[in-house]
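The values are calculated or read from the model by the stated rules, or taken from the named source; none is laboratory data. Note that this is a predicted model, so its numbers are computed, not measured. With ideal geometry, Cβ positions are generated from the backbone for all residues, glycine too; neighbour counts draw on all protein chains shown.
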């Protein structure tokens, strides 16, 4: 229950941040360049399932997002990739591994969507990758803060 309340708070906060800092706003101008942002660390259940954070790199040109990369990491800094969800290098629980890999694929899809549509509020959440969605939105908001013209 504690994790659910924490997730609901994170999603609400990310939504508010995204609304305040969405790229494409008529009142906000961004410097061309590539900027990185990192989400806060998410702490999942008692076993540590889902723990980690996200890092995004966005490239802006003419006040538009033209490229995006997003990766998620374990709390120890190891990349969540095709090994994510395995136990000691092998698939011990196929359902858990499939869920973990769906989250990894979702991270890539979020980056692809943002590069395509150019606005954070137009990126759709993906079932099975909702924790990554909050991390993605938070990381993009952090990167956009760094790109803001004064």
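Table for the structure above
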| read-out | value |
| --- | --- |
| Selection from the range 125-147 of residues that are modelled with pLDDT of 95 or more and either part of a loop (DSSP other than H, G, I, E, B) or over 8 Å from the mean Cα position of the chain (by Cα) (or both) | 141, 142, 143, 144, 145, 146, 147 |
| Residue 50 surrounded by 12 or more Cβ atoms within 10 Å (Cβ to Cβ), assigned to a loop (DSSP other than H, G, I, E, B), modelled with pLDDT under 95 and touching a helix residue (DSSP H, G or I) at 6+ places or on another chain (Cβ under 6 Å) | yes |
| Complete set of residues in the range 116-141 that are over 20 Å from residue 51 (Cα atoms), touching a residue at least 40 places away in the same chain (Cβ under 8 Å), in contact with a helix residue (DSSP H, G or I) (Cβ under 9 Å, 6 or more places away or on another chain) and surrounded by fewer than 22 Cβ atoms within 10 Å (Cβ to Cβ) | 121 |
